[in-house]
Amino acid sequence: MIPIGREDRVFILTGAGISAESGLPTFRGMNGIWRTYRVEEVASPVAWARDPKLVWEFYSERRRRHHTVQPNPGHYALARLEEELGDRFFLCTQNVDRLHEMAGSRRVIHMHGKIFESRCERGCGRPPFDDDWTLENGAEIPLCACGGKIRPHICWFGETPFEMERIAAALENCTVFMAVGTSGVVEPAASFVRYARARWDNVRTCYIGPEEPSNRAFFDEVFLGPSGEVLPQLFATEKSATDLHG
Ligand code: BV8
Ligand code: ZN
């Protein structure tokens, strides 16, 4: 159990692991490989410049897959905790899927973007837009009115993650930092736990997942197990205490 008091402010970072029980493969689960490419090779501006159709094949496959999955109890547990804590709750995900929102989470920061959003590659001023287009055989990549190609609105390797200011501010004032289903390899997300600890030594840091992450040394507590099983019974909030003991 993780006791959460009236004064606590909770920062949650999720990774691919929270969506594993929903049927979406993790990057490590795929050994970081798509077809014969390392994911960093496809999800990068270099790949886009060299072969934009290959990049759209990668994201089109994932868009089709995302239409077939549902949230799992791990997503629902976090949506409930948000309900209870209100603005004392901050959810930052590295995932591009929309399973947190489908489970009822309202304020989700997608630091690496969203699978169903696209934008103009030229940054011509047209804002990112909702999009579930997929590349079918022989099709051409859609063009923006300015003539630029439409690309996924995703943070690729070598690109700056989204919402870093809001994330830094939330890390600044959290009293509980929790990471769920993330291997602690990809930066800057892997450094958030260190950042939270460095600022204030009373921050409680917890990891939830079936195996220890690479940045395990920075977590006070590790709850080993699938997040869909661990999260629903993890939080002891004031409300759950009153519910329990009336
Ligand atoms: C940047 C969108 C500058 C695309 C993604 C410092 C040192 C070394 C390298 C770097 C460095 N700084 C920057 C880099 C380069 C790079 C990087 O980190 N490279 C890695 C390979 C070393 N980082 C960047 O380029 C970043 N940009 O740094 O810009 C900057 C920095 C700071 C401030 C401003 C600017 C941009 C990185 C983002 C790239 N885009 N996604 C797409 O999805 O197609 S990253 C992508 O991979 C995911 O979003 C996620 O972030 C990462 C995968 O990691 P995880 O989510 O952790 O998943 P993984 O599969 O690894 O692990 C799954 C875990 O789940 C496992 O631990 C497993 O045990 C667990 N699990 C399994 N089953 C379950 C479970 N857990 C719970 N329940 C279960 N049932
Ligand atoms: Zn444009």
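The values are calculated or read from the model by the stated rules, or taken from the named source; none is laboratory data. This is a predicted model, so every value here is computed, not measured. Don't worry about glycine lacking a Cβ; one is built from the backbone with ideal geometry, like all the others, and counts go over all protein chains shown.
Some observations on this one:
- Restricting Thr182, Thr160, Thr175 to residues that are over 25 Å from Tyr37 (Cβ atoms), among the hydroxyl-bearing types (Ser, Thr, Tyr) and either more than 11 Å from ligand 2 (Cβ to nearest atom) or in contact with a helix residue (DSSP H, G or I) (Cβ under 9 Å, 6 or more places away or on another chain) (or both) narrows the list to Thr175.
- Pair list, Cβ < 6 Å and 6+ apart or interchain, from region 15-26 residues that are within 12 Å of Pro73 (Cβ to Cβ) to residues that are in a helix (DSSP H, G or I) and of a type in the set (Gly, Ala, Ser): Ile18/Gly74; Ile18/Ser227; Glu21/Gly228
- A residue that is within 30 Å of Glu140 (Cβ to Cβ) and within 16 Å of ligand 2 (Cβ to nearest atom) occurs somewhere in region 33-50.
- Test: residue in region 99-110 that is within 16 Å of ligand 2 (Cβ to nearest atom) and within 27 Å of Ile150 (Cβ to Cβ): no
- Number of the condition not met by Val180 [criteria: (1) farther than 18 Å from Ala43 by Cβ; (2) β-branched (Val, Ile, Thr); (3) more than 11 Å from ligand 1 (Cβ to nearest atom)]: (3)
- Options Thr175, Thr160; residue that is under 16 Å from the mean Cα position of the chain (by Cα) and among the β-branched types (Val, Ile, Thr): Thr160
- Among the residues listed as Gly123, Gly138, the single one being surrounded by fewer than 17 Cβ atoms within 10 Å (Cβ to Cβ), away from ligand 2 (no atom under 16 Å from the Cβ), at pLDDT below 95 and small (Gly, Ala, Ser): Gly138
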